[in-house]
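See below for the structure under consideration.
The values are calculated or read from the model by the stated rules, or taken from the named source; none is laboratory data. Given the structure is predicted, the values throughout are model-derived calculations rather than measurements. Here the Cβ positions follow ideal geometry from the backbone for every residue, glycine too, while neighbour counts run over all protein chains shown. Remember, those area values only see protein heavy atoms, side chains included, never the ligands or the DNA or RNA. Shrake-Rupley method; radii C 1.70, N 1.55, O 1.52, S 1.80 Å.
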Amino acid sequence: MYQGLIKRYRHLLPVDDSMEIITLNEGNTPLIEVPAVAEAAGFSGKVFVKYEGLNPTGSFKDRGMTMAVTKAKHDGMKVVMCASTGNTSASAAAYAAKAKMSAVVLIPDGNIALGKLAQAMIYGAKVIAVQGNFDDCLRYVKELCAKYPIALVNSINPYRLEGQKTAAFEIVDDLGYAPDYLLIPVGNAGNISAYFMGFTQYKETGMSQKIPKLWGFQASGAAPIVENRIFEKPETVATAIRIGNPASWEKAVKARDNSLGRIEKVTDQEILFAYRLLATTSGIFCEPASAASVAGFIKYAKDLEKDSTVVMVLTGHGLKDPDNAINQAPEIFHVKNNLKAIEEVVI
Ligand code: F0G
């Protein structure tokens, strides 16, 4: 029986037998081929999505959280805390509940998707909506965790990236080889750094031949790494990556350069086009931030080597953000309670 990523990859993770593993059986997410997306971009190679929305709380954050909360519990901490655009808060709240710990989450008031807010609340976290953006929230969290015995579980906690790197292992294990390219959304820049760690470790331990080229994508209204400047007022429909001053900025630049990759920006319009395309052509529903990978693929497919293998990371589930889905979809039909009215619409 699958029992989570720590158990599966413990020989490659900083854990020992004295630790009680806090897990919700995260990881082991499917790699799904999406030929319709390849065709839409006029690309001849093999194209897959790594559907991280199928983790227990609906995002890749669970990979990092199983590690961070396991470590916090082992250290005798009682409270975990994070700043979040939504997914980290949902994940921290769930793993804290499982560990019988408390969670405090700081979110930018009015700028997180409805599903994520619902999750943090129902898992029992103390939810603090700050009249500021994610970067402000992270600053406060760092100060409070330095002052009180509270475990910080944002991705500046090194255990987070250790857990997240296992997605790279799974991709190589599933394909049987390392892909040529990995395309991924970039917000606080932890995840691209974690994939680089994972692919590097697999190469160094002889589990794969090479490190894929990492191509990161930021929203054009929140593109600090692309433009090499802090965005004081980041703006994008993809609220998960509405970040102006990423904590892992330098690590992401290193991941980009050492993998011979690139970090580019995609507009909200391009993100939403990709979001709908993936759903309507492939039956896969991700959240807008995740569609930045697909938008980047469509925009830059012309620069990819012919017949190469591409993996796009879909970081979060579409159900996280029902408002955007409803806004982007065709109207529904409202009808009277009789067969004739329904028949008229059907035929
Ligand atoms: N995609 C989704 C769905 C996310 O929630 C995030 C980050 C990213 C991509 C970007 O990943 O920050 O490692 O570069 N969400 C964080 C949060 C910031 O608070 O949930 P990153």
Using a probe of 1.4 angstrom, how much of the accessible area of the stretch 86-228 is carbon and sulfur, in percent? 53
At 222 nm, what value in deg cm²/dmol follows for the chain if DSSP H runs of at least 4 each add -39500 (n - 2.57) and the sum is divided by all its residues, to the nearest 500? -12500 deg cm²/dmol
Just need the relative contact order of the stretch 61-157 here, percent rounded to a whole number, with Cα pairs under 8 Å and 6+ apart. 33
On a straight-distance basis, which aspartates and glutamates could pair with Lys336 in a cross-link, Cα separation under 18 angstrom, same-chain partners fewer than 8 positions away excluded? Glu344
Where does each of Phe297, Phe60 land when they are ordered by accessible area, with a 1.4 Å probe and the largest first? Phe60, Phe297
Student exercise, the chain dipole from Lys, Arg, Asp, Glu Cβ charges, in Debye to nearest 20: 720
Express in Å², to the nearest 10, the accessible area of Lys254 obtained by rolling a 1.4 Å probe over the protein heavy atoms while all chains stay in place. 120
Counting only C-alpha contacts under 8 Å and six or more residues apart, can you give the relative contact order of the chain as a whole percent? 20
Listed by chain and number, the lysines with an alpha carbon less than 25 angstrom from that of Lys100, same-chain partners under 8 positions apart left out, are Lys7, Lys61, Lys71, Lys73, Lys78, Lys116, Lys126, Lys142, Lys147, Lys320
Ignoring ligands, DNA and RNA, what accessible area per residue does the stretch 234-347 give at 1.4 Å, in Å²? 52
For the chain, inverting the pair-averaged 1/r of distinct alpha-carbon atoms gives a Kirkwood value in Å of 20.3
Quick check for you: with a 1.4 Å probe and neighbouring chains kept, what is the accessible area per residue of the stretch 74-230, in Å²? 38
Loop-only check: which GluC sites (Glu not before Pro) in the stretch 1-77 are DSSP coil with at most 15 other Cβ within 10 angstrom? Glu20
Would the stretch 61-157 count as rounded, prolate or oblate if I go by the C-alpha gyration tensor, calling it rounded below 1.5 in a/c and otherwise prolate when a/b exceeds b/c, oblate otherwise? oblate
Largest to smallest accessible area among Trp249, Trp215 [probe 1.4 Å]: Trp249, Trp215
I'd like the antiparallel share, as a percent to the nearest 5, of DSSP beta bridges with both residues in the chain. 15
